[in-house]
Amino acid sequence: MGRKNRIFGHMPDGTAVEEVALSGGGLSCGVITYGGALRTLTVPDRAGRPVDVVLGLDTLEDYRAQDKFLGALVGRYANRIGGSRFALEGRTYPLPANDGANHLHGGPEGFDKRVWTIRGQTDSSVTLSLLSPDGEAGYPGELAVTAVYALRDGALEISYRAEATETTLCNLTNHAYFNLSGHDSGPVDGHSVQVLADRYTPVGAGLIPTGAVETVEGTPMDLRTLQPLGEREFDHNWAVSGWDGALRPAARAWSPDTGIAMETLTTLPGIQFYTGNFLDGCPAGKGGASYVKHGAFCLETQFFPDSPNQPSFPSAVLAKGQTYMSKTVYRFSIQK
């Protein structure tokens with residue numbers, strides 16, 4: 001089938017950035033090669049009308065100017081590493097700080113700032129690749145990454161694979177901002193959310209985990225039942241219940257405005273639920289939409305934040321000769 005691509009813009013060095021249009025399973029989406037970002041995702045509402053449920057921008061210049069990681073593929077290490085350093089095999093590796101004293105989402109020049117290469121595509125899927133050189137952002141080893149976006153059976157599936165020439169860290173995610181009422185519909189206070197986790201990782205200064213993994217029972221982190229979000233604000237990691245490396249449900253969300261429900265499934269041990277607390281200041285969105293604080297939410301599947309410095313957390317170390325693989329599924333349906 002013919003490639004449904006367009007030139008989205010050009011980097012300062014002249015490198016072309018493409019947008020890939022995909023359709024399948026009743027959904028359609030657009031992915032740009034800058035940051036491998038999910039720019040659009042259209043889902044039918046209860047009346048069958050198409051609704052674009054992810055935040056995105058209309059120009060490459062706006063993507064390069066924003067600091068919200070809108071829709072991007074994030075690496076080498078998603079979320080925060082406290083003190084911008086970690087130790088591995090007896091050596092300490094300093095990292096660039098871009099969140100106060102801490103290292104966030106791979107640093108100021110992470111995978112979200114790189115132009116990914118299209119390695120293959122069909123009408124309903126695209127395979128992107130990126131080669132991160134040894135020492136990039138302070139991480140050891142050359143890391144070869146592929147990410148596959150695929151639409152099927154009412155779901156967007158994102159599959160990741162990576163291999164390194166030296167033992168390193170690898171924690172990849174997607175930073176899509178969802179608003180199931182429509183990307184331009186304002187705050188998500190009216191949504192209902194469920195996180196399928198009995199435990200979470202409390203944080204201290206700079207949102208760095210304390211190292212504890214505590215029960216949600218009796219705390220504001222207890223989202224085990226689907227409940228209205230209201231004006232509550234979150235930017236925390238939950239430990240997915242029953243995690244064993246298999247694909248399993250981790251969270252659900254629902255908009256009463258459209259009837260659109262989204263289930264998030266993952267093979268990873270953690271999920272960050274973030275309510276767009278820092279969205280204000282974002283460039284105007286698609287069609288001139290104003291993206292306001294709490295105008296969307298993120299469900300970022302991941303290894304726990306700061307796991308390299310927390311020995312009790314599941315390990316995000318990728319050994320030389322081993323292969324990192326993970327999968328995230330965002331499955332859509334209509335619910336009353």
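The values are calculated or read from the model by the stated rules, or taken from the named source; none is laboratory data. Quick caveat, the model's predicted, so the values are computed rather than measured. Note that we place each Cβ from the backbone using ideal geometry, even for glycine, and neighbour counts take in every protein chain shown.
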Quiz item: Filter segment 233-257 for residues that are farther than 30 Å from R46 by Cα and of a type in the set (G, A, S); which is farthest from the chain's Cα centre (by Cα)?
Solution: G242
Practice problem: Please name all residue pairs, on different chains or six or more residues apart, with Cβ atoms under 7 Å, provided the first residue is in segment 130-159 and is free of Cβ contacts under 8 Å to residues at least 60 places away in the same chain and the second residue is in a strand (DSSP E or B) and of a type in the set (D, E). | Solution: A144/E163
Self-check item: Some residue of segment 204-212 being among the β-branched types (V, I, T) and surrounded by fewer than 20 Cβ atoms within 10 Å (Cβ to Cβ)
Solution: yes
Quiz item: If you scan segment 277-333, which residues turn out to be of a type in the set (D, E), touching a Lys or Arg at 6+ places or on another chain (Cβ under 9 Å) and within 23 Å of L196 (Cα to Cα)?
Solution: D306
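Here's the yes/no breakdown for (1) modelled with pLDDT of 95 or more; (2) of a type outside the set (D, E, K, R); (3) within 23 Å of K336 (Cβ to Cβ):
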| position | (1), (2), (3) |
| --- | --- |
| W254 | yes, yes, yes |
| D257 | yes, no, yes |
| L265 | yes, yes, yes |
| I271 | yes, yes, no |
| D280 | no, no, no |
| C298 | yes, yes, no |
| F304 | yes, yes, no |
Exercise. Kindly list, by first and then second residue, each pair from a residue in segment 181-209 that is touching a residue at least 60 places away in the same chain (Cβ under 8 Å) to a residue that is part of a helix (DSSP H, G or I), limited to pairs with Cβ atoms under 6 Å and residues at least 6 apart or on different chains.
Key: I208/G82
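For (1) within 30 Å of A289 (Cα to Cα); (2) at pLDDT below 95; (3) part of a loop (DSSP other than H, G, I, E, B); (4) touching a Pro at 6+ places or on another chain (Cβ under 7 Å), each residue gets a yes or a no:
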position	(1), (2), (3), (4)
Y160	no, no, no, no
L180	yes, no, yes, no
H183	yes, no, yes, no
Q194	yes, no, no, no
A197	no, no, yes, no
E217	no, no, yes, no
R224	no, no, yes, no
E231	yes, yes, yes, no
Quiz item: Does G83 satisfy the criteria of being under 22 Å from E300 (Cβ atoms), buried (at least 24 other Cβ atoms within 10 Å of the Cβ) and in contact with a helix residue (DSSP H, G or I) (Cβ under 9 Å, 6 or more places away or on another chain)?
Solution: no
Quiz item: What number of residues within segment 275-320 are closer than 18 Å to D99 by Cβ, in contact with a strand residue (DSSP E or B) (Cβ under 7 Å, 6 or more places away or on another chain) and assigned to a loop (DSSP other than H, G, I, E, B)?
Solution: 9
Quiz item: Does segment 321-336 hold any residues that are over 29 Å from V213 (Cα atoms) and in a loop (DSSP other than H, G, I, E, B), and which are they?
Solution: G321, Q335, K336
Quiz item: Which one is nearest to A205 (Cα to Cα), of the residues in segment 221-245 that are of a type in the set (A, V, I, L, M, F, W, C) and touching a Phe, Trp or Tyr at 6+ places or on another chain (Cβ under 6 Å)?
Solution: F234
